[in-house]
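Have a look at the structure below before the remarks.
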Amino acid sequence: MKKLIISWMFFLGIACMTTSLMASDIAKEDLNKDYKSKSVSELFSSLYESTGLNAMINPQEGLVSHGLKVSTFNQGAGRVVMIAICFTLFYLAIAKGFEPLLLIPIAFGGFLANIPVADIAGPEGFLGILFNIGISTGLFPLLIFMGVGAMTDFGPLIANPKTALLGGAAQLGIFGTIVGAAVLTEYTGFINFSLKDACAIGIIGGADGPTSIFVATRLAPELLGAIAVAAYSYMALVPIIQPPIMRALTSKEERLIKMEQLREVSKLEKIIFPLTIMVLCIIILPDATPLIGALAFGNFARESGVIKRLSETMENALINIVTIFLGLSVGSKLAAEKFLVPETLGILFLGLIAFAMGTAGGVIMAQIMNKFSKQKINPLIGSAGVSAVPMAARVSNKEGMKEDPTNMLLMHAMGPNVAGVIGSAVAAGVLLSIFK
Amino acid sequence: MKKLIISWMFFLGIACMTTSLMASDIAKEDLNKDYKSKSVSELFSSLYESTGLNAMINPQEGLVSHGLKVSTFNQGAGRVVMIAICFTLFYLAIAKGFEPLLLIPIAFGGFLANIPVADIAGPEGFLGILFNIGISTGLFPLLIFMGVGAMTDFGPLIANPKTALLGGAAQLGIFGTIVGAAVLTEYTGFINFSLKDACAIGIIGGADGPTSIFVATRLAPELLGAIAVAAYSYMALVPIIQPPIMRALTSKEERLIKMEQLREVSKLEKIIFPLTIMVLCIIILPDATPLIGALAFGNFARESGVIKRLSETMENALINIVTIFLGLSVGSKLAAEKFLVPETLGILFLGLIAFAMGTAGGVIMAQIMNKFSKQKINPLIGSAGVSAVPMAARVSNKEGMKEDPTNMLLMHAMGPNVAGVIGSAVAAGVLLSIFK
Amino acid sequence: MKKLIISWMFFLGIACMTTSLMASDIAKEDLNKDYKSKSVSELFSSLYESTGLNAMINPQEGLVSHGLKVSTFNQGAGRVVMIAICFTLFYLAIAKGFEPLLLIPIAFGGFLANIPVADIAGPEGFLGILFNIGISTGLFPLLIFMGVGAMTDFGPLIANPKTALLGGAAQLGIFGTIVGAAVLTEYTGFINFSLKDACAIGIIGGADGPTSIFVATRLAPELLGAIAVAAYSYMALVPIIQPPIMRALTSKEERLIKMEQLREVSKLEKIIFPLTIMVLCIIILPDATPLIGALAFGNFARESGVIKRLSETMENALINIVTIFLGLSVGSKLAAEKFLVPETLGILFLGLIAFAMGTAGGVIMAQIMNKFSKQKINPLIGSAGVSAVPMAARVSNKEGMKEDPTNMLLMHAMGPNVAGVIGSAVAAGVLLSIFK
Amino acid sequence: MEINLIAETLKFLVLGMSTVFMFLVLMVLVLNLQSKIIRKFFPHKEEVSIPKRPIAQKGNLAVIAAIAASLQSYKKSK
Amino acid sequence: MEINLIAETLKFLVLGMSTVFMFLVLMVLVLNLQSKIIRKFFPHKEEVSIPKRPIAQKGNLAVIAAIAASLQSYKKSK
Amino acid sequence: MEINLIAETLKFLVLGMSTVFMFLVLMVLVLNLQSKIIRKFFPHKEEVSIPKRPIAQKGNLAVIAAIAASLQSYKKSK
Ligand code: NA
Ligand code: NA
Ligand code: NA
């Protein structure tokens, strides 16, 4: 063993020697041209100057970080506030189970982005690099959508297509919120949303993380952090936000409605379904085809049944890797100078409104449909139209069982639930096409 | 819970307020400078103008898509034709089992690329981005080759090396097809292949998807879609194309030849094998080393036995992810304006010729070798030299068992089969070196 | 089946015909403008000129490869020497079990980088492309660190925090080696390291591959190949380098010291730990936060317990894929013109010194701490402070059991072992901050 | 020109909700039609036309192999 | 200006080792403090506050399912 | 200058097939030689020099662990 290493070194030595004659004739002095000698105390003091402590207690006027001028408040206390917010998100994700798969990476990205000096979210930092690779280009949200498609069973929607209308009505949350954002801008002095901002905020009501991120990247990149955090936080809050609204809008009789069992859906119908929605989307709204297309591809891979290798990769390794990268890089937009603006409060407030309106829209639509149809729909499944798959459907089921423990609404609620995903992608397409 | 959220918002509110004093003093009017108010009917009509329906029935003169001028025919009916072709590929992949792992992603990519307005295959669309990351750079085909290396057992070739010559003869398909492409160009009025095009088309005869894509990217990028579709389609058709040719060229006695059992190959021989072919390739044809090198690395990782973690990743997660991306981005070259040209017909025709010639080459070579050697080779294994691992070897086995159900040719056919992979990589190197 | 194909072709044919009228009217002659006809013998001789054999026996004056001028020696014999070195690394990795997970990809990358003509490590070759994506940007080493974080249990360190000081003392190897590099430069005629080079070399003593690569990329990119090879080779040699030093510095009584059992660490402490080190790192040394941050994120994902999907992906698919790419692209810096310089010998020599000093530092620190504390520490666990997780800890355990087979030091040694990882990341931060 | 934000966004609401409903109503109609066609022309025999999974799914095979091996050793150990 | 490399690197040694130790000593102090606080205020009940794993972990489920199926068939085969 | 495409491609055919065969014939010769050397100097003992697989292969271990656990519970359930 030792002999081997010694002989290897010897061998290498000889090889090197033969080349050393022609070796670099750079004068030694020139090697360190750009380096200025410092005394030990100078070294320590320059090290102190590069500590985070110093950066936070001695903020510099006019510092530029991540391409934005950072106020002295945001260099110090602002960063501490943001880190506290990220820690709160950690707490909610771990102890309360709030969408941890995305909130943990996002909050950790935010934590990293608020570190002074290191500029990890800057164009040369690794968060910045990930952001430019996957978020600016729109690649990451689309890959997530592919994975979602590969995980989603559209069977319940195919079995009872008219429940899709509930998923349509729930998109009222999106458009109502846009109006709300305009109202806030007109009637408050300190919140200013442009029309593009308003539309990006509205998508929170679609209850669809990747769609929100995709649209925000195009319409309001500087609000991306707040929008993503609001979207995922409220998606996590679905079991708390929805039930009071659902109960307030429905009567006991309505909540007791039993729906007839769903018919079985054949394999062929499931295979054709993603192609059908693609064709419709092409004819009506090609601007939604990147989103719907990624979803349809994932679902087609799943239902085709002949490329299990690929569809399993989409819903496991690929979506996991992309989720890590997407979360971290979205989090990089939680830097204090971007997040601690009055607009963020507005976004959080509007997000809540959006969810409430979406929920109400779905429930009321079910009641309207019941007026015109003999086959009664339990309006509790209307709330599932906001998407937030599958949590919203579970909430519908739970509320139904509260009234009648034998009334299983889960599969019925999955119809509007997955239709909500399609509905918000269509809404996203409309908004993107307005500003093209 | 609610208290927590309220206090969090309150906390955030105070933080925001402190910064709101210095908040953006942009006048509200300036926020929407670039937006022109529209009436509802204007909005609807501009939405209609952005539908796919309108784009297809009212094509515009001089529209540029994916960097190419698109004729009015290709904006409307051309796209419909292409989508129909993609659906046919779906049908063949799912119902007939034609190479679904690649044809489904390719056809879906083609489907997406033919959507009007959205320009998904353009430089800003996600297919275009994937294409630039992985196909233009040559990265994806090489990563696929790595995975193929990690999946391939070269044992049968090492046990009986002379069967490699069958894999050599089958490359006649490549070079014969190049001549065929020249003939088509000389003698037809509407098909025009340059020499580079001809060489890229010839590689289809190598029956190796990644090699075809790698070479086409370098020599004839505008033919990439048609070449990839032809390569994978004919690989899928191996069980239909090959048997009649094999039977026509061989006598019953030849088909009954029993080959002696293969010797066992030691672990050490398998480990050294990828290094041996690399050294040969360096000495003779360094231009083939990217392809052979990727294959050899994957195989070396497999046979070394000490980095199972990595070799398993290569043949699972990594190759699956790359297959998805490669398929979709190759499919992006199926846009009507690139595919609906007379050259495509020529490529499909030549691809068929290529396979037939390769099959014949392998079979005849086996007959020639039998003239000079005592150890007889069953000529049915010659056809496996076209590669298309492992389908071509299975075809040889099946044809052999038709004559004599006790005659298992599978392992014998694997020798020329994997040699075919090496052979076509060498052929690719020759072609790339001609045009350097 | 056949009917289907025929009708498909027919259908396609008609579609093509309709466009053929407007087809390219490029004159056929113009297609091959850039091609000059050659006779068969010219073709063969130009093929011969592009063989590796010719490139090596007839080196050209002034050839530029990978952006460096390559001497005629390095074009021929130099490449052969380098390939022999790569084969030696293969042998060590496979037969002797030396860190195969990284040495095999690195050595294979080196093998590919030394192929003449193909320029695989050049900016257009696939190794060069991988290098630019992941190494120049610092992405790959950070992703590896994420995976390491997801795999590491910091429990033993949390249970007995003061053992972290051993991991601190072992960093003497880093800084001592920097001094050593300066001495070599001053007192030898043919080895010239700049201060930056010296610092990059020192990190080898940190016994942490990704940290070494991360720092070398920033401070001394042209030495990257040699530094990475030295770092991983010596990490693999830990069981050979450390024991003699450990035995020489300790008495039998010291080696017999039994340490009290570690207390149990609660889940909560483990969850908070990565956040704690991050906060400390932000306050003291933000320049180390990319490295520590990646490690902490991986560990936080692991310990949070609610995103198993993601943490499992980090420690499997993601780290495996990145390891393959990182290894190959680091290997691309083993091209003869970069590696066969006298500096390489210096690096190999200094790397050995670094390990010896780090080992000694840890052991002596334990002896010093024993002077001031009642709770005795077995100095054998001091050597584990160099990191090289978990091999160094296993060496401590083995040496302890040699004296007393009932003395299990493994868990005690894991404390300094993981502290060593943090310690070298901090040291890396100091060095990066000096040259900012 | 001054833009009335609220009026503008109300127009978006009308436009957006109409489009979403148009899309979904069309989808409902097509799905209903499609389901009728499929049930008429491909009554539950379509499962047959789906070929078995390709054999190439190594990962799973490895798992199955591991299980088989483990069962084997378990049988012996009894 | 001529730089004395050895003097310079010795300064780095002092600077670097001090920083590394400062960091680790601070870490030791904080960890000790933290552990006391946690053991006082959250005595071994924190495990409770961690919710069960999300059900979404399909990959593993598939393995478990395969195992179950295999055990099933094994039971029958006896 | 006018190029005769067919003549040109026929030359490619000669060049290409010769190179492919040169490569493969050389490969056959080297493989035969190599196999003789290996069988002479490392007669079937090379398996010994390959170390056992590194333990780090977590994925598989998890599967094995799951199987073991499942067998355990199965044993008990009987
Ligand atoms: Na939605
Ligand atoms: Na081939
Ligand atoms: Na270390």
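Since every read-out is calculated from the coordinates, none of them should be taken as a lab result. Quick caveat, the model's predicted, so the values are computed rather than measured. Glycine also receives a Cβ, built like all others from the backbone with ideal geometry; neighbour counts cover every protein chain displayed.
Looking for one value pair here: nearest-to-axis residue in chain C (by Cβ) for the rotation onto B, and the distance in whole angstrom.
Here the value is C:317, 2.
From Cα pairs below 8 angstrom and at least 6 apart in sequence, can you work out the relative contact order of chain B, rounded to a whole percent?
Relative contact order, chain B: 26 percent.
Against the longest alpha carbon principal axis of chain B, how many degrees, from 0 to 90 and to the nearest 10, is the axis of helix B:267-284 turned?
Value to nearest ten degrees: 80.
At what distance in nm do the modelled label points of residue B:96 and residue B:398 sit from each other, each positioned 7 Å from its Cα along Cα→Cβ?
Distance between label points: 1.4 nm.
May I ask for log10 I(q)/I(0) of segment C:342-410 at q = 0.15, 0.16, 0.19, 0.27 Å⁻¹, from a Debye sum over the Cα atoms as equal point scatterers with solvent left out?
The calculated log intensity ratios at q = 0.15, 0.16, 0.19, 0.27 Å⁻¹ are -0.55, -0.61, -0.78, -1.13.
Going by alpha carbons, how many degrees (0 to 90, nearest 10) lie between the helix axis of A:209-219 and the longest principal axis of chain A?
Around 70 degrees separate the two axes.
Which percent of the Cα-Cα distances in segment A:228-285 go past 17 Å?
Tail of the P(r) past 17 Å holds 70 percent of the pairs.
Determine which residues of segment D:1-44 fall in the zone a paramagnetic label at residue B:87 would reach in this model, i.e. backbone nitrogen under 19 Å from the point 7 Å along Cα→Cβ.
Inside the label zone: D:26-43.
Using the Kirkwood radius over Cα pairs, work out the Stokes-Einstein diffusion coefficient for segment A:43-160 at 37 °C and 0.692 mPa s, in µm²/s as a whole number.
Calculated translational D: 194 µm²/s.
For residue D:29, go 7 angstrom from Cα along the Cα-to-Cβ vector, then report the distances to that same point in the other copies in nm, smallest first.
7.5, 7.6
If a/c stays under 1.5 just call it rounded; otherwise compare a/b with b/c (prolate if a/b is bigger, oblate if not). Do that for segment C:243-364, with a ≥ b ≥ c from the square roots of the Cα gyration tensor eigenvalues.
Oblate, since a/c reaches 1.5 and b/c is not below a/b.
So for the pair residue C:186, residue F:6, with labels modelled 7 Å out along Cα→Cβ, what separation do we get in nm?
8.0
Name the long-range amide H neighbours of residue C:65: under 5 Å, sequence gap of 5 or more, or other chain; modelled H, no Pro or chain starts.
C:70
What three numbers, in Å, describe the spread of the alpha carbons of chain B along their principal axes, ordered from the longest?
In descending order, the Cα extents are 94, 60, 43 Å.
Return the distance in nm (one decimal) between the two label points of a simple spin-label model at residue C:64 and residue B:263, each offset 7 Å from Cα along Cα→Cβ.
With each label point 7 Å from Cα toward Cβ, the separation is 5.1 nm.
Report the far tail of the P(r) of the protein assembly as shown, meaning the percent of Cα-Cα pairs longer than 62 Å.
The share of Cα pairs beyond 62 Å in the protein assembly as shown comes to 18 percent.
So how much slack lies between residue A:222 and residue A:376, counting 0.36 nm per residue of separation and subtracting their Cα-Cα distance, in nm?
Result: 50.9 nm gained on full extension.
If every alpha-carbon in segment F:1-44 counts as one equal scatterer, what log10 I(q)/I(0) does Debye give at q = 0.29 1/Å?
Once normalised to I(0) and log-transformed, intensities are -0.91.
Could you grab the relative contact order for segment C:46-176? Cα pairs under 8 Å, six or more apart, rounded to a whole percent.
Across segment C:46-176, relative contact order equals 17 percent.
Please report, for residue B:258, the nm distances (one decimal) from its label point, 7 Å out from Cα along the beta-carbon direction, to the equivalent points in the remaining copies, shortest first.
7.0, 7.0
Return one number: the angle in degrees, 0 to 90 and rounded to the nearest 10, between the long axis of the Cα atoms of helix C:342-372 and the longest principal axis of the Cα atoms of chain C.
Helix C:342-372 sits at roughly 30 degrees to that axis.
Could you tell me which of the pairs A:196/B:38; B:267/B:308; B:267/B:402; A:96/A:338; C:33/F:11; A:69/A:333 are separated by over 25 angstrom between their Cα atoms in the structure shown? Mind showing how you got there, number by number?
Values: A:196/B:38 15 Å; B:267/B:308 15 Å; B:267/B:402 34 Å; A:96/A:338 27 Å; C:33/F:11 18 Å; A:69/A:333 14 Å.
Exceeds cut-off: B:267/B:402; A:96/A:338.
How much length, in nm to one decimal, is gained on full extension between residue A:368 and residue A:256, taken as 0.36 nm per residue of separation minus their Cα-Cα distance?
Full extension of this stretch gives 38.6 nm more.
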